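The structure appears below as structure tokens.
Any read-out appearing in this document is the output of simple, stated calculations on the displayed coordinates, not a laboratory observation. No experiment lies behind these values; they were computed from the predicted model shown. Here the Cβ positions follow ideal geometry from the backbone for every residue, glycine too, while neighbour counts run over all protein chains shown.
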Amino acid sequence: MRAAKPDIPALVAGLALLALGGLLLAHSLGVVELSFALVAPVACAATGAILLANGLGRGG
Amino acid sequence: MTADSHPGAQALRRDPTDGWLGGVCAGIALRYGVDRALVRLAFVVATTAGGLGVALYALGWLVIPAGPGAGRRRLPTGRGAVEVALGTGLLLLSVLLTFRALGIWFSDAIVWPLVLIASGGALIWRGSGSPATAPAQAEAPTAALLKKETEQPRREPGRTAAAISRTGIGIALVVAAGFAFLQATGALSAARDVLLAVIAVVVVLGVIFAPWVLRLVRSLTAERSERIRSQERAEVAAHLHDSVLQTLALVQRSDDPQEVAALARRQERELRAWLSGRPPAGQAARLAAALEAAAADVEERHGVPVEVVVVGDRNLDANAEAVVAATREAMTNAAKFGGGSPVDVYAESDDGQLHVFVRDRGPGFDPDALPADRRGVRESIVGRMRRHGGRAQITSSPASGTEVELELPARPDR
């Protein structure tokens with residue numbers, strides 16, 4: 001039986017959300033101190049990765 | 001002895017076959033004739049200025065189309081393309097913000113306007129470079145030769161609007177970058193006075209030179225229209241030569257009334273289909289089938305064996321149809337003037353390129369000594385290939401017969 005092909009855009013979105021959640025959890029636990037200078041690039045990178053994966057997933 | 005024509009100059013394309021990532025540096029180096037290492041070094045140096053090189057490279061990757069050696073995977077279109085562009089932009093923004101947060105930064109007044117200028121420039125370039133016209137009659141049927149075999153581009157309102165929108169957004173970004181730079185450097189108020197002076201000079205010059213500019217534009221438009229009409233005339237003449245005149249020549253040589261009637265009926269059907277814009281009955285949709293059908297037709301009409309070998313295949317778009325028509329004419333000439341020797345046809349379609357060779361072992365001829373009123377070689381083969389961006393070369397000598405080579409390069413946007 002063949003394994004189902006992973007949904008790459010959903011996978012990237014999930015990983016990005018996991019990373020953001022981990023960052024927020026670390027902030028709540030006092031491990032890191034979040035600031036706009038730190039959150040902005042992470043948020044941009046997460047959104048960009050999701051959009052890129054989704055766009056490329058549409059094919060050409 | 002040869003007679004040939006040449007395709008146009010090469011445009012800027014990425015060269016992934018010779019690149020490390022997307023072939024942007026290799027493509028720029030190839031286009032402008034500089035060393036690849038120098039271009040790569042320039043991008044590396046730009047990267048040290050707040051990651052600008054990475055942003056420029058990514059934009060180049062996104063905007064510059066890949067060359068013919070690239071793989072068959074293409075960037076998505078429509079909504080997918082917008083998502084890819086936004087995603088790439090956000091990723092680049094995150095890189096820049098990270099560099100800024102880490103202190104690896106040049107200056108806000110320099111980097112952000114440069115990013116805006118690069119983005120706007122990319123959009124303007126894309127808007128001007130991407131054809132606001134349809135990709136020249138791709139996948140079109142043979143029949144509407146009057147419209148479709150000319151080089152006149154077919155405009156599509158949606159594509160034109162998209163190109164204008166891209167250009168408009170690009171211009172807005174560049175202007176915004178200029179204002180941002182002037183504002184950041186405190187030179188905006190001084191620039192306002194300069195801007196007023198420039199506007200005044202432009203208005204004065206515009207009033208003075210407007211009549212000449214308008215005349216020049218009208219002249220260019222008229223010249224373009226005349227060129228298009230001339231190409232249409234040439235296409236009609238080539239088609240009539242290949243169909244009606246060839247049939248009339250066969251009719252004159254035939255003694256059999258039934259054969260003459262059959263030739264006339266077939267020609268009438270073909271001519272009616274052509275005039276009404278319908279594809280002829282039984283027209284093949286693929287190159288190999290079309291070449292074999294043309295060879296069978298020539299064989300039947302002239303009673304000379306025609307051997308066809310086709311390597312690779314492709315859809316029969318308007319350019320490939322022109323190659324088939326030129327090949328048919330070359331086969332007809334070989335059958336008529338080749339002294340009854342068999343005609344060999346070899347066609348190869350590879351990565352968008354198309355090569356066809358038609359050879360006979362007949363007495364040969366001098367291509368340069370052809371009379372002006374003989375349109376077969378001049379218009380139906382050489383002229384037709386040139387009008388479709390290809391090339392035809394005819395090599396002939398009494399000892400080795402005649403070889404016609406037809407070459408159609410890959411379309412850049414294919």
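Brief remarks follow.
- Note on B:ALA109 and B:ALA289: their simple-model spin labels are 6.8 nm apart, each label 7 Å out from Cα toward Cβ.
- Least to most buried among B:HIS239, B:HIS355 (fewest other Cβ within 10 Å first): B:HIS355, B:HIS239
- If only the Cβ of Lys and Arg carry +1 and only the Cβ of Asp and Glu carry -1, the dipole of the range B:277-356 around its Cα centre is close to 320 debye.
- Rough spin-label spacing in nm, given labels placed 7 Å along Cα→Cβ, for A:ALA37 and B:VAL204: 5.1
- From phi via Karplus (6.51, -1.76, 1.60), per-residue ³J(HN,Hα) for the range B:178-185 in Hz, x at Gly/Pro: x, 5, 4, 5, 5, 5, 5, 8
- Taken along its three principal axes, the alpha carbon spread of the range B:162-286 comes to 92, 36, 19 Å, from the longest extent down to the shortest.
- Residue order, fewest to most surrounding Cβ atoms within 10 angstrom, among B:VAL236, B:VAL24: B:VAL236, B:VAL24
- Computed from Cα positions, the angle between helix A:36-57 and the longest principal axis of chain A comes to roughly 0 degrees.
- Förster-model FRET efficiency, 41 Å R0, B:THR185 and B:GLU226, C-beta, rounded to 0.05: 0.20
- Averaged over peptide B:88-98, the number of partner chain Cβ atoms lying within 10 Å of each residue's Cβ comes to 6.
- Using a simple spin-label model with pseudo-atoms 7 Å out from Cα toward Cβ, B:ARG269 and B:VAL217 lie 5.1 nm apart.
- Around the amide H of B:ASP317, modelled in the peptide plane, lie the amide H atoms of B:GLU139, all under 5 Å away and 5 or more residues distant in sequence or on another chain.
- Angle of helix A:8-28 to the longest C-alpha principal axis of chain A, folded into 0 to 90 degrees and rounded to 10: 10°.
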